[in-house]
Amino acid sequence: MQSSTPSADTVLRIGTRGSPLALVQAGQVRARLAAAHGLAPERIGIEIIRTSGDMIRDRPLSEVGGKGLFTKEIEDALLAGRIDLAVHSAKDMPTVLPLGLAIVAVLPREDPRDAFISHKSRTLHELPHGAVVGTASLRRQALVKRLRPDLAVVNFRGNVETRLRKLDAGEVDATLLALAGLKRLERADAATAILSTDEFLPAVGQGIIALEARADDARTRALLDAVNDRDGATALACERAFLAVLDGSCRTPIAGYATVRAGALAFRGLIARPDGSEVLEAARAGQVADAEALGADAGSELRQRAGANFFAPV
């Protein structure tokens with residue numbers, strides 16, 4: 001998919017990263033919007049925007065700014081009025097959005113679990129002693145070390161296909177990827193095993209496609225409301241409130257997952273030392289109307305229990 005040139009008939013302009021997964025997600029948003037409003041898909045333009053996270057390939061993103069590196073240039077285009085909405089993987093969005101922007105809709109959540117992928121073992125638990133697991137996520141690194149402190153965990157960057165190729169080439173013995181991304185790319189068959197959320201809590205927003213717009217753009221907000229998944233938006237609000245209290249970014253191992261059923265919300269969150277040697281968890285349950293308060297309260301509990309030095313190097 002290439003960027004489409006806006007025309008007089010263009011109703012909305014979507015901004016997105018250019019990775020295969022990002023383009024699939026932007027295409028899903030365009031298809032849903034077109035169907036909801038009776039539009040020809042080509043009337044919704046897609047502009048590919050290269051982000052800092054795409055350009056920095058030689059070191060962990062946690063060392064150079066964290067999650068915002070995958071959104072900054074897209075958000076700049078949104079604030080400048082060059083696009084009307086941005087499509088993001090919610091788990092890549094920074095804790096605090098730029099002034100004037102808001103997450104105004106989300107698509108129904110895909111499976112939020114992590115996939116274990118290896119050609120040498122059927123499960124994470126069966127990997128041989130000292131095996132090498134590649135992942136760029138500090139959350140995944142910490143949770144792997146929590147379950148298997150004997151394993152070597154190394155930084156492992158790249159889009160989904162790049163990481164699968166590196167695994168095939170034997171650079172690592174195993175890796176972990178979001179099952180949602182594999183499913184959207186029709187690569188779920190690559191998963192060797194699926195990790196339960198009980199054992200391996202997902203990242204905040206994992207599996208959710210978030211639609212970001214200018215907070216004062218009433219026209220775009222009204223158009224996006226037609227495709228908004230209310231339960232997914234509620235779950236994300238709870239999870240991001242938890243993250244905000246902890247000031248979470250790519251630099252801290254944090255996980256959080258909320259579910260909504262029949263008007264009730266259940267949430268679990270955790271923080272971990274980077275080496276997995278200590279993990280603190282909190283859980284909340286309540287009504288959907290209290291989603292943000294429940295997430296924030298869980299975050300406050302963990303922040304108080306952890307103390308100021310919890311994330312210090314071990």
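Modelled label positions at S277 and D168, each set 7 Å beyond Cα in the direction of Cβ, lie 4.0 nm from each other.
Rounded to two decimals, the Cα-based Rg/Rh of the stretch 101-159, with Kirkwood Rh, is 1.10. What a 1.4 Å probe finds exposed on the chain is 49% carbon and sulfur by accessible area, rounded to a whole percent. The distance linking the stretch 244-314 with the stretch 194-225 is 18 Å (Cα centroid to Cα centroid, whole angstrom).
GNM remark for the chain: springs join alpha carbons under 10 Å apart, and the peak mean-square fluctuation among D297, D114, D216 falls on D216. Taking all C-alpha pairs of the stretch 263-314, those more than 14 Å from each other amount to 53 percent.
A Cβ-based charge dipole, computed about the Cα centre of the stretch 170-314 with Lys and Arg at +1 and Asp and Glu at -1, lands at about 240 debye. Maximal additional length on extending the K120-A102 stretch stands at 2.1 nm, based on 0.36 nm per residue less the C-alpha distance.
Want the number for D150 to A31: 0.36 nm per residue separation, take away the alpha-carbon distance, what's left? Walk me through the numbers before you get to the answer.
Details: separation 119, 0.36 × 119 = 42.84 nm, distance 4.59 nm.
The D150-A31 span can extend by a further 38.2 nm.
Solvent-accessible surface (1.4 Å probe) assigned to I103 amounts to roughly 50 Å². Our coupling estimate for the stretch 175-189, obtained by passing each phi through the Karplus curve with A = 6.51, B = -1.76, C = 1.60 and θ = phi - 60°, is 9, 10, 9, 5, 4, 4, x, 4, 5, 5, 8, 6, 10, 4, 5 Hz, Gly and Pro reported as x. For the chain, the mean residue ellipticity at 222 nm estimated from helices alone is -9500 deg cm²/dmol, where every DSSP H run of n ≥ 4 contributes -39500 (n - 2.57) and the total is divided by all residues, rounded to the nearest 500. Pairwise alpha-carbon distances in the stretch 144-221 exceed 17 Å for 60% of all pairs.
Restricting the calculation to Cα atoms, the stretch 55-203 yields a radius of gyration followed by a Dmax of 16.7, 53 Å. Both numbers refer to the Cα atoms of the chain; Rg and Dmax are 19.3, 61 Å. Counting only protein heavy atoms and a 1.4 Å probe, the chain has 43 square angstrom of accessible area per residue. Modelled spin labels at E186 and A244, positioned 7 Å past Cα toward Cβ, are 4.0 nm from each other. Straight-line reach from K91: taking Cα to Cα under 18 Å and skipping same-chain neighbours fewer than 8 places apart, the lysines in range are K67, K72, K183. Ranking M93, L280, L21 by how far each Cα lies toward the positive end of the dipole of the chain (charges on Cβ) leaves L21 at the top. Structural descriptor for the chain: relative contact order 20 percent, calculated from alpha carbon pairs under 8 angstrom and at least 6 residues apart.
Highest mean packing comes first when the peptides 145-151, 204-210 are listed by Cβ atoms within 10 Å, giving 204-210, 145-151. For the stretch 225-270, relative contact order (Cα pairs under 8 Å, six or more residues apart, normalised by length) works out to 35 percent.
Residue separation times 0.36 nm, minus the C-alpha to C-alpha distance between A218 and S300: what's the value? Length gained, A218 through S300: 26.2 nm. Think of the stretch 127-195 as a dipole: +1 on every Lys or Arg Cβ, -1 on every Asp or Glu Cβ, centred on the Cα centre; then among L167, L195, L138, L138 lies furthest on the positive end. The string of couplings for the stretch 36-46 from the Karplus curve (6.51, -1.76, 1.60, θ = phi - 60°) is 5, 10, x, 9, 6, x, 5, 7, 10, x, 10 Hz, one whole number per residue in order, with x for Gly and Pro.
Rounded to the nearest 20 debye, the dipole size of the chain about its Cα centre is 300 debye, using +1 on the Cβ of Lys and Arg and -1 on the Cβ of Asp and Glu. Is the stretch 201-314 best put as rounded, prolate or oblate by its Cα gyration tensor, with a ≥ b ≥ c the root eigenvalues, rounded for a/c under 1.5, and otherwise prolate when a/b is larger than b/c, oblate when not? Cα axes put the stretch 201-314 in the prolate bin.
Tell me, what is the percent relative contact order of the stretch 144-240, built from C-alpha pairs under 8 Å that lie six or more residues apart? Worked out over the stretch 144-240, it gives 18 percent.
The values are calculated or read from the model by the stated rules, or taken from the named source; none is laboratory data. Being a predicted model, the structure only gives us computed values, none of them experimental. All Cβ positions, glycine included, derive from the backbone under ideal geometry; neighbour counts span all protein chains shown. The area values use the complete protein model at the heavy-atom level, side chains included, leaving out ligands, DNA and RNA. Shrake-Rupley method; radii C 1.70, N 1.55, O 1.52, S 1.80 Å.
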